[in-house]
There are 2 protein chains.
Amino acid sequence: MTHYKLTLAYDGTNFAGYQVQPHQRTVQGVLQKALGKMAKVPAIHVDGSGRTDSGVHALGQVISFDYPGMIPEESMLRAMNSLMPLDIEILKAEIVPADFHARYSAHGKRYLYRVARGRFTNPFNRLYTGHYPYPLDLDLIRAALPDVMGTHDFTSFAASGGVIENKVRTIYEATVREDPATNEVIFEFYGNGFLYNMVRILVATLLEIGSRRRPVHDFLRLYTVKDRQQARGTAPASGLYLKEVDYD
Amino acid sequence: MTHYKLTLAYDGTNFAGYQVQPHQRTVQGVLQKALGKMAKVPAIHVDGSGRTDSGVHALGQVISFDYPGMIPEESMLRAMNSLMPLDIEILKAEIVPADFHARYSAHGKRYLYRVARGRFTNPFNRLYTGHYPYPLDLDLIRAALPDVMGTHDFTSFAASGGVIENKVRTIYEATVREDPATNEVIFEFYGNGFLYNMVRILVATLLEIGSRRRPVHDFLRLYTVKDRQQARGTAPASGLYLKEVDYD
């Protein structure tokens with residue numbers, strides 16, 4: 001029995017999210033089946049760093065699992081890629097200590113959100129960005145970002161459906177930048193954990209601040225009211241990427 | 001009756017090519033239906049600068065058509081985009097003289113081909129590049145490109161199925177460059193016309209030259225033998241873009 005950590009990228013468009021669901025094409029399902037094929041068993045259970053929703057992408061999702069037998073890291077990388085569909089790429093395979101757990105060992109996660117700023121939807125980016133054609137004042141967003149950072153109760157920013165009781169999370173870093181080459185506005189969030197739909201709700205709220213539909217320091221009020229109805233919008237899944245998961 | 005020229009981009013992935021075909025989703029079909037909807041007729045015939053195959057993209061396809069009535073250019077642009085699916089974007093709408101014809105008025109066309117060089121297929125580029133992971137010597141390709149330019153009989157580079165008798169075409173410009181940021185090799189071809197699958201066969205042949213599977217000046221022999229079997233490969237549709245059509 002050998003314990004592995006795999007880092008992978010996927011295009012979330014044609015998956016019903018990361019987590020296994022009956023009769024649905026999921027990232028976890030595809031991975032478990034491929035590992036089963038390699039080991040000649042029906043499937044091998046894998047633990048992911050966390051779920052991503054349908055349509056959400058990953059640049060650096062991490063999974064861990066026990067494999068019956070020992071395959072060198074480079075062979076595991078090559079074998080898994082040969083079994084992957086074209087919308088999943090295994091970036092790295094590592095043999096790790098048995099107590100490593102993709103979810104519980106993680107210290108932080110980094111999400112990226114790409115907002116396309118063109119007047120109309122760019123056909124080549126429709127699956128890989130959210131589209132926001134309205135005027136935006138990035139200085140207003142920059143003024144609001146310090147309110148996003150720090151430790152807060154994010155109840156107003158969690159979609160119902162989550163079962164987690166404690167909705168306090170810490171955001172270490174929240175940034176926005178413009179990419180003139182692609183005419184995109186790009187958000188990044190680095191934190192110790194994120195609630196269901198949290199990044200997409202944060203982005204929608206920040207875009208409302210940037211277009212003067214909401215006061216700059218509305219986050220402070222939203223933390224207090226603890227009411228999902230007040231934050232309203234959820235930015236589309238297509239713009240969201242799990243960029244990186246941090247371990248020691 | 002007003003005569004229009006429209007410039008458009010599309011993601012070719014989910015189209016059965018440009019040209020109308022019964023029971024298939026085609027770019028021309030979607031455009032003709034949308035114009036018909038605007039004019040309250042079943043459909044309005046449009047002429048394209050040329051066909052693109054299934055999976056081939058366009059950054060600047062051009063169409064022309066007669067519209068019953070007069071709509072200002074800006075309104076035509078907005079109205080058409082509001083009727084387009086997300087994988088087509090109208091970039092420009094112009095009112096042009098009645099004798100303008102998207103195909104017959106064109107002087108030249110520019111095609112671009114993106115080759116992804118990563119070891120494995122990048123999930124986010126799988127629909128937008130061809131993948132070629134083998135060693136490539138770009139200097140060999142650069143040495144072969146002057147043979148591609150000029151006026152030649154391209155019979156060896158035309159897929160069967162075309163009905164055109166005269167297979168002499170002129171390539172004014174053929175270039176290759178590396179993009180280190182994306183790890184891609186990018187070809188561009190500018191010429192007065194291209195046969196069926198011609199760019200994809202040119203690219204496949206150039207890649208064989210770059211990987212030493214074919215002599216550098218094999219083009220000169222291939223022009224002479226006039227035999228499609230000798231050029232063999234066809235690079236995947238996913239890497240090909242109709243970049244621009246030139247008029248006066």
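We did not get these values from a lab; they are worked out from the coordinates using the rules stated. Computed from a predicted structure; not experimentally measured. In this analysis, Cβ positions are derived from the backbone assuming ideal geometry, glycine residues included, and neighbour counts consider all displayed protein chains.
Across the range B:209-214, computed HN-Hα scalar couplings (Karplus, 6.51 cos²θ - 1.76 cosθ + 1.60, θ = phi - 60°) run 5, x, 9, 6, 8, 7 Hz from first to last residue, x flagging Gly and Pro.
Within the same chain, lysines fewer than 8 places from A:Lys5 are excluded, and of the rest, those with a Cα less than 25 Å from its Cα are A:Lys33, A:Lys37, A:Lys40, A:Lys92, A:Lys109, A:Lys243. Placing +1 on the Cβ of every Lys and Arg and -1 on the Cβ of every Asp and Glu, with nothing else charged, gives the range B:118-248 a dipole about its Cα centre of roughly 580 debye. Set the Förster distance to 25 Å, then compute FRET efficiency between B:Arg177 and A:Asp179 from the Cβ-Cβ distance, nearest 0.05. In this case the efficiency is close to 0.70.
Helical content alone sets the calculated 222 nm signal of chain B at -7000 deg cm²/dmol, taking -39,500 (n - 2.57) per DSSP H segment of four or more residues and averaging over every residue. Here the Gaussian network model covers chain B, with springs between Cα atoms less than 10 Å apart; of B:Gly69, B:Gly48, B:Gly233, B:Gly69 fluctuates the most.
Applying 1/(1 + (r/R0)^6) with R0 = 45 Å to the Cβ-Cβ distance of A:Gln19 and B:Lys33, what FRET efficiency is obtained, to the nearest 0.05? According to the calculation, E is roughly 0.70. Derived scalar couplings between HN and Hα for the range A:228-241 equal 4, 4, 7, 8, 6, x, 10, 5, x, 4, 4, x, 9, 10 Hz in order, rounded to whole Hz, by the Karplus curve 6.51 cos²θ - 1.76 cosθ + 1.60 (θ = phi - 60°), x for Gly and Pro. Only aspartates and glutamates eight or more places from B:Lys167 in sequence, or on another chain, were considered; those with a Cα closer than 16 Å are B:Asp153, B:Asp227.
Using C-alpha pairs under 8 Å with a sequence gap of at least 6, the mean separation divided by the residue count of chain B gives a relative contact order of 24 percent.
Arranged from fewest to most other beta-carbon atoms within 10 Å of their beta carbon, A:Ile44, A:Ile63 become A:Ile44, A:Ile63.
When chain B is treated as a Gaussian network with alpha carbon springs shorter than 10 Å, the biggest mean-square fluctuation among B:Phe15, B:Phe124, B:Phe65 belongs to B:Phe124. Classify the range B:27-93: rounded, prolate or oblate, from the alpha-carbon gyration tensor (a ≥ b ≥ c, eigenvalue square roots; a/c under 1.5 rounded; otherwise prolate if a/b is larger than b/c)? Prolate. Shown for chain A is the translational diffusion coefficient from the Stokes-Einstein equation, using the Kirkwood radius over Cα pairs, a temperature of 37 °C and a viscosity of 0.692 mPa s: 172 µm²/s.
Quick check: net charge around B:Tyr10, other residues with Cβ under 9 Å of its Cβ, Lys/Arg +1 and Asp/Glu -1? Summing Lys/Arg as +1 and Asp/Glu as -1 gives -3. In sequence order, the range B:25-39 has phi-based couplings of 7, 10, 5, 4, x, 5, 5, 5, 5, 5, 5, x, 4, 4, 8 Hz under the Karplus curve 6.51 cos²θ - 1.76 cosθ + 1.60, θ = phi - 60°, and Gly or Pro positions carry x.
With a/c under 1.5 counting as rounded, go ahead and sort the range A:110-237 into rounded, prolate or oblate using the C-alpha gyration tensor (a ≥ b ≥ c being the square roots of the eigenvalues; past the cut-off, prolate if a/b is larger than b/c, else oblate). Prolate is the answer for the range A:110-237, as a/c is 1.5 or above and a/b outweighs b/c. Under a model in which nothing but the beta-carbon of Lys, Arg (+1) and Asp, Glu (-1) is charged, chain B shows a dipole of about 720 debye around its Cα centre. Listing A:Lys109, A:Lys226, A:Lys167 from fewest to most neighbouring C-beta atoms within 10 Å gives A:Lys226, A:Lys167, A:Lys109.
Taking other Cβ atoms within 10 Å as a rough exposure proxy, B:Asp11, B:Asp99 sort from fewest to most as B:Asp99, B:Asp11.
Between A:Gly108 and A:Asp246, the built amide H atoms are under 5 Å apart, and every one of these is 5 or more places off in sequence or on another chain. Is the C-alpha gyration tensor of the protein assembly as shown telling us rounded, prolate or oblate? Criteria: a/c under 1.5 is rounded; beyond that, a/b larger than b/c is prolate, otherwise oblate. The shape class here is oblate.
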